[in-house]
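Colleague: Pasting a structure here, questions to come.
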């Protein structure tokens, strides 16, 4: 006897935006990846790593007024810049947007550009392919650099367009742009 697999429901951007606007979803970290709904479930370790990265980025960017560093800020290209059959609405664990790219503080809804820097921290339920797919999406849509953090292996992978490097321990990661 064959076991049927549950059908994956696909969402348009407008359906997704209506879903995340519901009061019962206010505290959920929902993403739309190629039309498919995904929920992020960060751990305490995840939050501590994100906080350390934000602290380091803010120490450099804030005094120079270079842009904004955020955690779990929604980034979503406008509908006319997306494939309607595979829409995306992303929540990088940490993001940096330069004031040159987008100076307006978004108080409601999504930032309408991809971040200059996106940081993704691997959760226990994420595999390496999912992490790399996420980085490739960001880089293909305007992000200049992506840091993939692998807590269990204690490494960070830097992916600018066309180059990769792994960092461990006390290595210093130089970000340009």
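Colleague: Could you give the angle, 0 to 90 degrees to the nearest 10, between helix 44-64's Cα long axis and the longest principal axis of the Cα atoms of the chain?
Modeller: On a 0 to 90 degree scale, this one is about 50.
Colleague: Pull up the DSSP beta bridges for the chain and report the antiparallel fraction as a percent, rounded to 5.
Modeller: 80
Colleague: Report which label in (1) 21.2, 73; (2) 16.7, 65; (3) 16.0, 51 holds the value of Rg and Dmax of the Cα atoms in Å derived from the coordinates of this structure.
Modeller: (2)
Colleague: How far is it, in nm, from the label point at residue 85 to the one at residue 153 when both lie 7 Å from their Cα along the line to the Cβ?
Modeller: Modelled inter-label distance: 3.3 nm.
Colleague: Relative contact order for the chain: what is it in percent, counting Cα pairs under 8 Å that are at least 6 residues apart?
Modeller: 16
Colleague: Can I ask one more? Residues of the stretch 132-160 with backbone nitrogen within less than 16 Å of a virtual label 7 Å along the Cα-to-Cβ line of residue 170, please, listed as ranges.
Modeller: Answer for this model: none.
Colleague: Mean-square fluctuation check for the chain, GNM, Cα pairs under 10 Å: which of 11, 60, 138 is largest?
Modeller: Answer for the Gaussian network model of the chain: 60.
Colleague: Between residue 26 and residue 105, how high is the FRET efficiency from 1/(1 + (r/R0)^6) when r is the Cβ-Cβ distance and R₀ = 35 Å? Nearest 0.05.
Modeller: Between residue 26 and residue 105 the formula returns 0.95.
Colleague: If you don't mind, there's one more thing I want to ask. Determine the calculated [θ] at 222 nm for the chain from helices alone, applying -39500 (n - 2.57) to every DSSP H run no shorter than 4 residues and normalising by the residue count; nearest 500 deg cm²/dmol. Intermediate values should be presented prior to the final figure.
Modeller: On the way: 3 runs with 43 residues, N = 177.
Roughly -8000 deg cm²/dmol at 222 nm, from the helical runs in the chain.
Colleague: Taking neighbour Cβ counts within 10 Å as the exposure measure, how do 159, 19 sort from fewest upward?
Modeller: Least to most surrounded, the residues fall as 19, 159.
Values in this text are rule-based calculations from the coordinates and carry no lab data. Since we're looking at a predicted model, the values are computed, not measured. Heads up, the Cβs are rebuilt from the backbone with ideal geometry, glycines too, and the neighbour counts pull from every protein chain shown.
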